[in-house]
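This report concerns only the one structure given below.
The values are calculated or read from the model by the stated rules, or taken from the named source; none is laboratory data. Owing to the predicted nature of the structure, the values given are computational and were not obtained by experimental measurement. Neighbour counts run over all protein chains shown; Cβ positions are idealised from the backbone, glycine included.
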Amino acid sequence: MMQKCENWCASYYPVLGRVFLALLFIYAGYEKLMDVLNAGGVNMVGLMQYVKIPMAGMALLILIIAVEIIAGLMLIVGYKTKWAACTLTIFTILTIYFFHFQAAQILEALKNVAIIGGLLYVSAFGSGSWSIDAWQSKKSSTPSMN
């Protein structure tokens, strides 16, 4: 019975972890996209300028939205998972630096550090068996019938 539970956990927990991590980034990207569509991005661009992000503007905001949504989706489906996790790790480190690097924001910074921990785990150990990466790996190791 215990072995069956361990097998189930080893099979499904990696995909659940990836989904839980990715939802945060996809939702944040969606919120920023709605700011662009509804208010022309003035709220987010203004916030980026307020915290003195270099080259803060609409182009950077669109890049941030793309990174959050695309890398988040890649994490969910397990495609180029290590690349997506590394990209989101760098993004999260920059978020801490620009938005949470002050005493009043320590809890927010620590939450982001925990997210970085999860992303580093995915970067180190891969996407697990329920992923496009695993499917492609199995496909490439299967001998050809030609």
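Does residue 76 count as surrounded by fewer than 19 Cβ atoms within 10 Å (Cβ to Cβ) and in a helix (DSSP H, G or I)? Judged against the criteria, residue 76 is not a match. It is to be established whether one or more residues within region 98-113 are in contact with an Asp or Glu (Cβ under 9 Å, 6 or more places away or on another chain) and aromatic (Phe, Trp, Tyr). So far as region 98-113 goes, yes, one or more of its residues are in contact with an Asp or Glu (Cβ under 9 Å, 6 or more places away or on another chain) and aromatic (Phe, Trp, Tyr).
Here is a yes/no grid of residues against (1) in contact (Cβ under 8 Å) with a residue 24 or more places away in the chain; (2) surrounded by 12 or more Cβ atoms within 10 Å (Cβ to Cβ); (3) of a type outside the set (Gly, Ala, Ser); (4) part of a helix (DSSP H, G or I):
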site: 43; (1), (2), (3), (4): no, yes, yes, yes
site: 53; (1), (2), (3), (4): yes, yes, yes, no
site: 62; (1), (2), (3), (4): yes, yes, yes, yes
site: 69; (1), (2), (3), (4): yes, yes, yes, yes
site: 83; (1), (2), (3), (4): no, yes, yes, yes
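Per-residue answers, yes or no, for (1) surrounded by fewer than 16 Cβ atoms within 10 Å (Cβ to Cβ); (2) of a type in the set (A, V, I, L, M, F, W, C); (3) in a helix (DSSP H, G or I):
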| site | (1), (2), (3) |
| --- | --- |
| 21 | no, yes, yes |
| 27 | yes, no, yes |
| 46 | yes, no, yes |
| 87 | no, no, yes |
| 95 | no, no, yes |
| 101 | yes, yes, no |
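Here is a list: 41, 29. Which entry is in contact with a helix residue (DSSP H, G or I) (Cβ under 7 Å, 6 or more places away or on another chain) and modelled with pLDDT under 95? Answer to the check: 41. With the structure loaded, tell me whether residue 111 is part of a helix (DSSP H, G or I) and out of contact with any strand residue (DSSP E or B) (no Cβ under 9 Å at 6 or more places or on another chain) or whether it fails that test. Judged against the criteria, residue 111 is a match. Look at region 115-126: where a residue is over 13 Å from residue 15 (Cα atoms) and a partner is charged (D, E, K, R) and at pLDDT 95 or above, sitting 6+ places away or on another chain with Cβ atoms under 7 Å, you get 123/82.
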